[in-house]
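So that we are looking at the same thing, I have put the structure below in structure tokens.
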Amino acid sequence: MIRYRLLTGVLGALPVFESAARHKNFTKAGEEMRLTQPAVSRRISSLERRLGFSVFKRQHNKLELTPEGRQLMSAVEFSLDHLNEAVIQLTEQINRRKLTIACGFSFSSMWLQPRFSRFRKMLDGVEVHLIASEFPDDLDPQMIDIRILWEDNFWQGREVRPLFRDIVYPVCSKAFAKKFKLPESGEVPPGDFQILTLLFNQSSGSDRLDWEEWFRTLRIDFKPDNPRYVYDNYQFTIQAAIDGEGIALGYSGLIDDLIERGELIKVGQSIRLQSGRTFIEFEPNRLSEARRDLIYDWFQSETGLGR
């Protein structure tokens, strides 16, 4: 036997009824519930047929509750308020748990760690566990709530949102540019880089664009032989550029702060990668949609995309 047999046919219409009764207007209720005015009218008519009595008096463009409608409104308001409070409490309990975020070493050290205090403050007391790994794809998905990754190696069942598309261009320090008489504004012709000191990143976990691909994209037939300056992770490569050792390929999302502070300058042509993009990946079963939206909005504001 169904315990609430009568309610099974009316539950979906009750929030619409509550909105219409509060606004005393089907059009305003539709705007609030994201329904058309005719759709609101149909749901109220269906509710009345199911209940066997009218809930509204319709007089031209004016709505008034019937005596039965007033009794129903009182019960619906009471019930929806309690249900809403229960959902809020349960959602807050889920969102208060420890949050584990995983990303690569470069993103962690160059982008997230300088902002980590603001990130924790935004989460309002949630314990945050940061895992920086050269191979974030090899981590246990059951342990990770949020993952920052490049390209599209997504875990099944995750919600994925784009953060920024990678734009790559040569960068160096002002001291290096001055020493080799490079312009601090403008771009060095791509062919001239063949005679300059280039810094190479050969991280085992990196499949991003390198110098050989940069030259090839610009249709320059140049393959560096036996490069002198090779680093096994990206942040070391960029630090070498800051220290004036040579020219590195800069990824816009990671080096924007360094450019803004004047620690690096752009000296070459930009390449917008067609496939390269940085994403944020959420575990939807452990993070409410509201919390996912909050975190995503924060990342967008920090990258400048939300401004």
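Name every residue in the range 21-68 that is part of a helix (DSSP H, G or I), over 44 Å from the mean Cα position of the chain (by Cα) and in contact (Cβ under 8 Å) with a residue 24 or more places away in the chain, in order of residue number.
Across the range 21-68, the qualifying residue is only 51.
Is there any pair with a first residue in the range 1-20 that is under 19 Å from residue 65 (Cα atoms) and modelled with pLDDT of 90 or more and a second that is part of a helix (DSSP H, G or I) and among the small types (Gly, Ala, Ser) whose Cβ atoms are under 6 Å apart and which are 6 or more apart or on different chains, and what are they?
Every condition considered, the pairs that remain are 19/29; 20/29.
Output the number of the condition that residue 254 fails; it satisfies all remaining conditions of (1) in contact (Cβ under 8 Å) with a residue 40 or more places away in the chain; (2) surrounded by fewer than 18 Cβ atoms within 10 Å (Cβ to Cβ).
Only one criterion in (1) in contact (Cβ under 8 Å) with a residue 40 or more places away in the chain; (2) surrounded by fewer than 18 Cβ atoms within 10 Å (Cβ to Cβ) is unmet by residue 254, namely (2).
Please enumerate the residues belonging to the range 7-20 that are small (Gly, Ala, Ser) and within 36 Å of the chain's Cα centre (by Cα).
Once the filter is applied, which keeps residues that are small (Gly, Ala, Ser) and within 36 Å of the chain's Cα centre (by Cα), the range 7-20 yields 12, 13, 19, 20.
Now a separate question. Quick one: in the range 142-158, which of the residues that are loosely packed, with under 15 Cβ neighbours inside 10 Å and not aromatic (Phe, Trp, Tyr) is nearest to residue 292 (Cα to Cα)?
157
Taking the range 69-97 as the search range and keeping residues that are under 35 Å from the mean Cα position of the chain (by Cα) and hydrophobic (A, V, I, L, M, F, W, C), which one is modelled with the lowest pLDDT?
Only one residue tops the list, namely 94.
What pairs come up if the first residue lies in the range 169-183 and is in a loop (DSSP other than H, G, I, E, B), the second is among the acidic types (Asp, Glu), and their beta carbons are under 8 Å apart, counting only those six or more places apart or on different chains?
Sorted first by the residue in the range 169-183, then by its partner, the pairs are 173/243; 173/263.
Further question on the same structure: Of these, 284, 227, which one is in a loop (DSSP other than H, G, I, E, B) and modelled with pLDDT under 85?
227
From 209, 99, grab the single residue that is touching a strand residue (DSSP E or B) at 6+ places or on another chain (Cβ under 8 Å) and closer than 30 Å to residue 243 by Cα.
The conditions single out 209.
Quick one: in the range 267-281, which of the residues that are surrounded by fewer than 20 Cβ atoms within 10 Å (Cβ to Cβ) and not in a loop (DSSP other than H, G, I, E, B) is farthest from the chain's Cα centre (by Cα)?
271
The values are calculated or read from the model by the stated rules, or taken from the named source; none is laboratory data. Values in this document were obtained by computation on a predicted structure and should not be read as measured data. Here the Cβ is made from the backbone with ideal geometry for all residues, glycine too, and neighbour counts use every protein chain on show.
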